[in-house]
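Laboratory data are not the source of any read-out in this text; all were calculated from the coordinates shown. Remember, it's a predicted structure, so these values are computed and weren't measured experimentally.
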Amino acid sequence: MYSDAGTFVDLCLAGKVQPADIDDFVEAWHEGASRKDVWDFLGLTREEYGRWVEEPAAITDIVDQRRNASTTPRRA
């Protein structure tokens, strides 16, 4: 489910998982689902991952910021 379907962030943005599901992805990573660094496996930057580790509730804001960034029109 995890590596073939996309990262945690990809799946959140697609509405297939919720931010609260992040622990399931971290558990899968610990079980060997990927050889990537955990933040890459989740689809987070290293800074976003650090923010989440320090403040777990921040994952909702991180996903929302990504969602808003992907829907904001770019200026020419």
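With the largest listed first and rounded to whole Å, the semi-axes of the equivalent ellipsoid of the range 2-70 from the Cα gyration tensor are 17, 14, 11. You can think of it this way: the chain between D61 and V26 has 10.8 nm of extra reach, that is 0.36 nm per residue less the Cα-Cα gap. Under the Karplus relation 6.51 cos²θ - 1.76 cosθ + 1.60, θ = phi - 60°, what is the ordered set of whole-Hz ³J(HN,Hα) values for the range 34-39, x standing for Gly and Pro? For the range 34-39, the Karplus curve yields 7, 9, 5, 4, 4, 5 Hz. Here the extension length gained between A69 and K36 equals 9.4 nm, from 0.36 nm per residue of separation less the Cα-Cα distance.
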